[in-house]
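Participant: Dropping a structure here in structure tokens format, bear with me for questions.
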């Protein structure tokens, strides 16, 4: 092993340690890029219809989002807060009912003896601690939003800065790679947002028609967890099904059927239709990315896992596959 190899190995180790120490900064930066791409999609659609300049288009989009957020807050948040308070009262009853069901079933009696519902109390304490940590992370969300606005205001300058840091022979290919990543990420965000909104509205309407309790809260959880494929929709189903169990077994079965129908509708119709022109993520890749980044970075890593995989998949296809593997002789 010569001195050059040792220097390269030492440099890689130092860079890896530096990236790990700055992982939260890089996570905020990537989150800002994701938000900037989402804003850019809206700005691009607005500019196609009005031919306005980018600063004016950005101001109109931000104003529309602000007005929409205020309207949603006034219409839904008071009811949502009421339902969250009701959920806090219903959870002990749900736990007690599940415990009694385990005790009445001979097959599950051993499970009841080995598991105590009091074991959930430490989990509740941990969740409260997580809520406090989430409140402390508001400054990171603010920085992410501010960076997103700055990136959206002048994306061309930031693009030139990235290209200036690449070797001249590779700049054309890097520019094309950036375009493909932006197109894939923008298409994925638009498709998943429409899919999540559709799941939220359909779940809300279905739960109201069935007379299920806390329909708004359950539908909101189901819609938000649509952004976490594979494990998200299944985990979201537990809330409305569990609450329906407090009412009657018949309602529980009806809610379960409703969620199964909507999950299959979203998985096999809405998502493929909305994402047909962008990156199609394999379920195994998506699940492994969520588990890995969730274990390393917690909830922020879990939320940003799929956008990161979308970008990495495009990069792997354009760089590793086309530039290295396909040229291997």
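The values are calculated or read from the model by the stated rules, or taken from the named source; none is laboratory data. Computed from a predicted structure; not experimentally measured. Backbone-built Cβ (ideal geometry, glycine too); neighbour counts: all protein chains shown.
Participant: What's the total number of residues in segment 164-177 that are surrounded by 14 or more Cβ atoms within 10 Å (Cβ to Cβ) and either under 20 Å from residue 38 (Cα atoms) or at pLDDT 90 or above (or both)?
Facilitator: Total meeting the criteria: 2.
Participant: I'm trying to understand the selection: among the residues of segment 255-278, which are more than 17 Å from residue 193 (Cα to Cα), surrounded by fewer than 20 Cβ atoms within 10 Å (Cβ to Cβ) and touching a helix residue (DSSP H, G or I) at 6+ places or on another chain (Cβ under 9 Å)?
Facilitator: Passing the criteria: 256, 260, 261.
Participant: Would you confirm whether or not segment 44-57 contains a residue that is part of a helix (DSSP H, G or I), more than 23 Å from the chain's Cα centre (by Cα), under 22 Å from residue 200 (Cα atoms) and in contact (Cβ under 8 Å) with a residue 60 or more places away in the chain?
Facilitator: no
Participant: Let me ask another. Go through (1) over 30 Å from residue 96 (Cα atoms); (2) in contact (Cβ under 8 Å) with a residue 60 or more places away in the chain; (3) in contact with a helix residue (DSSP H, G or I) (Cβ under 8 Å, 6 or more places away or on another chain) one by one and return the number of the condition residue 201 breaks.
Facilitator: (2)
Participant: May I ask you to say which residue of 12, 63, 94 is under 30 Å from residue 193 (Cα atoms) and assigned to a helix (DSSP H, G or I)?
Facilitator: Result of the check over 12, 63, 94: 63.
Participant: Sticking with this structure for a sec: Regarding residue 304, is this residue surrounded by 13 or more Cβ atoms within 10 Å (Cβ to Cβ), without any contact (Cβ under 8 Å) to a residue 12 or more places away in the chain, in contact with a helix residue (DSSP H, G or I) (Cβ under 9 Å, 6 or more places away or on another chain) and within 25 Å of residue 184 (Cα to Cα)?
Facilitator: It is false that residue 304 is surrounded by 13 or more Cβ atoms within 10 Å (Cβ to Cβ), without any contact (Cβ under 8 Å) to a residue 12 or more places away in the chain, in contact with a helix residue (DSSP H, G or I) (Cβ under 9 Å, 6 or more places away or on another chain) and within 25 Å of residue 184 (Cα to Cα).
Participant: Is it the case that segment 71-78 has a residue that's within 21 Å of residue 220 (Cβ to Cβ), touching a residue at least 24 places away in the same chain (Cβ under 8 Å) and surrounded by 11 or more Cβ atoms within 10 Å (Cβ to Cβ)?
Facilitator: Within segment 71-78, one or more residues are within 21 Å of residue 220 (Cβ to Cβ), touching a residue at least 24 places away in the same chain (Cβ under 8 Å) and surrounded by 11 or more Cβ atoms within 10 Å (Cβ to Cβ).
Participant: If the requirement is being at pLDDT 80 or above, surrounded by fewer than 19 Cβ atoms within 10 Å (Cβ to Cβ), touching a helix residue (DSSP H, G or I) at 6+ places or on another chain (Cβ under 6 Å) and within 30 Å of residue 76 (Cα to Cα), which of these qualifies: 226, 252?
Facilitator: Unique residue meeting the criteria: 252.
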